[in-house]
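Data block below; observations after.
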Amino acid sequence: QAAGSARAQLDAFASGLQSVSTHFSQVSVDANGNAGRSASGTLQLAAPRLFRWQVDKPYHQLIVADGTRVWVYDPDLQQVTVRAQNSAEAHSPLNVLTDLKLLDRQFKVSEDGAHDGQAWLKLRPNNDHAEFKYAELGFADNQLQTMVFEDLLGDRTTIRFSDWRRNAKLPADTFRFTPPPGADVIGDAPTAEAYPLKN
Amino acid sequence: CAPTPLVLRPGTGAERAAQAQRAQVLAQLPVWQASGRIGVADAQQGGSGGFDWAEDGESIDFTLTAPITGRSFRLQSGPDGACLSGLKPQPVCAFDAAGLLRTELGWELPLRELRAWVLGMAAPGSASRMQYGRDGLPAQLQQDGWVIQYRSWDRQARPLAMPRLIEAQRAPYSVRLYVEQWRFPELAAKPATASSAHGDAPGRR
């Protein structure tokens, strides 16, 4: 049940959160309501801005942000693309999740009522070259249950999270990525700005 | 599945005849849809996502979706012009689709040729060199300064084997397509989709 305000639930969810892992299922609908792609997999997040987004079905894709770079590995394409983490990913919806405590810096955040058994926050990007018009975060029982965002194409992507595990011990190499043999690595990420990792 | 290593040799008479037949068969099927994964890169950066590509002989409807990793965009191009939407709040339109990709994305892609390459054949109108692989199917095509490698094929596709993993390269650009599903709606029999077909929606209308 959507108990407290969404903001209160966000704060409860984000406070003391060092690392977290969850399952996600994502589905997109285009502006005319046609079902687009769907995907499911696992997500791990850890301070300071580490994330691992792994799609298992219906295709495979792995995105790892190691604090300096964001690696995107597509086994079907036998290709790894890499870029600096600070620049690109700052505009992507995933960045919302990595900086839950700092939302107000990037977005105009407002309560957006309750529906579907969740209390909702609406996020509008402060800068105008964000890749999405808005994002909505749905909370219930002090947990983030749903993220919805609409990109500039009018596609709405809904991501449902389940089975949150807070501050679980994550394997050491969760946020590290080494390109597998045979995969081509494309794009070189300058090490201009490296985040000092405090383990 | 690791693709067979590229063995490159000129085509036998039979292979060249089969290639001529491919061009003929596909010329009768101007309406097609392809969907799968796409990776595009230039010297500085690259991205990957899902793609839906629909053609009907006159117009192109191409959508790249990368909701998490990057930008989704849609290119619609027809005889009277092209529009690119999803990069800016409002669609950007111009007369020529390739020019739009150049100005809006900084990509230098020969769309007309790419259409033929992805179907497994050279584009008409300029010299090209096709080399064949161990399995008798096209393995590498060179045209207009581009090198197109056919790293794996979908032999169950109808009406004939269709490329599955294709890479088109011309420094500093690389376009890589993994086609999960080919569809030729005009085929009389129901097209047998690729073994790993998914519930992806066909090209968007």
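All conditions but one from (1) open to solvent by less than 30 Å² (accessible area, probe 1.4 Å); (2) within 14 Å of chain A (Cβ to nearest Cβ); (3) in contact with a Cys (Cβ under 9 Å, 6 or more places away or on another chain) apply to B:PRO91; the one that does not is (1). If we keep just the residues of region A:133-162 that are within 17 Å of A:ALA31 (Cα to Cα) and either in contact with a His (Cβ under 8 Å, 6 or more places away or on another chain) or among the small types (Gly, Ala, Ser) (or both), which is farthest from the other protein chains (Cβ to nearest Cβ)? In this case the residue turns out to be A:ALA135.
Of everything listed in (1) away from chain B (no Cβ under 13 Å); (2) hydroxyl-bearing (Ser, Thr, Tyr); (3) surrounded by 14 or more Cβ atoms within 10 Å (Cβ to Cβ), the single unmet condition for A:SER15 is (3).
Only residues that are in contact (Cβ under 8 Å) with a residue 40 or more places away in the chain, in contact with a Lys or Arg (Cβ under 9 Å, 6 or more places away or on another chain) and charged (D, E, K, R) were counted in region A:10-63, giving 1. Scanning region A:53-76 turns up one or more residues that are in contact with a Phe, Trp or Tyr (Cβ under 6 Å, 6 or more places away or on another chain) and within 9 Å of another protein chain (Cβ to nearest Cβ). Filtering region A:121-153 to residues that are surrounded by 13 or more Cβ atoms within 10 Å (Cβ to Cβ) and over 17 Å from the mean Cα position of the chain (by Cα) leaves A:ALA140, A:ASP141, A:ASN142, A:LEU152, A:LEU153. When B:ALA34, B:ALA66 are screened for being more than 7 Å from chain A (Cβ to nearest Cβ) and closer than 27 Å to B:ARG158 by Cβ, only B:ALA34 passes.
Being under 26 Å from A:GLY154 (Cα atoms), in contact with a strand residue (DSSP E or B) (Cβ under 7 Å, 6 or more places away or on another chain) and open to solvent by less than 20 Å² (accessible area, probe 1.4 Å): is that true of A:GLN26 here? It is true that A:GLN26 is under 26 Å from A:GLY154 (Cα atoms), in contact with a strand residue (DSSP E or B) (Cβ under 7 Å, 6 or more places away or on another chain) and open to solvent by less than 20 Å² (accessible area, probe 1.4 Å).
Candidates are the residues of region A:23-52 that are at the interface with another protein chain (Cβ under 9 Å from one of its Cβ atoms), farther than 29 Å from A:GLY182 by Cβ and polar (S, T, N, Q); the one that is nearest to the chain's Cα centre (by Cα) is A:SER28. Report whether or not B:TYR150 is in a strand (DSSP E or B), within 14 Å of chain A (Cβ to nearest Cβ) and either open to solvent by 20 Å² or more (accessible area, probe 1.4 Å) or of a type in the set (S, T, N, Q) (or both). Taking the combined requirement at face value, the residue does not satisfy it. Just one of the listed residues (B:GLY11, B:GLY50, B:GLY81, B:GLY39) is open to solvent by less than 50 Å² (accessible area, probe 1.4 Å), within 25 Å of B:ARG170 (Cβ to Cβ) and either modelled with pLDDT of 95 or more or touching a Phe, Trp or Tyr at 6+ places or on another chain (Cβ under 7 Å) (or both), namely B:GLY11.
The values are calculated or read from the model by the stated rules, or taken from the named source; none is laboratory data. Here the structure is a predicted model, which means the values were calculated and not measured. Cβ coordinates were reconstructed from backbone atoms using ideal geometry, including for glycine residues, and neighbour counts include every protein chain displayed. Keep in mind that these areas ignore ligands, DNA and RNA; they rest on the heavy atoms of the full protein, side chains included. Shrake-Rupley method; radii C 1.70, N 1.55, O 1.52, S 1.80 Å.
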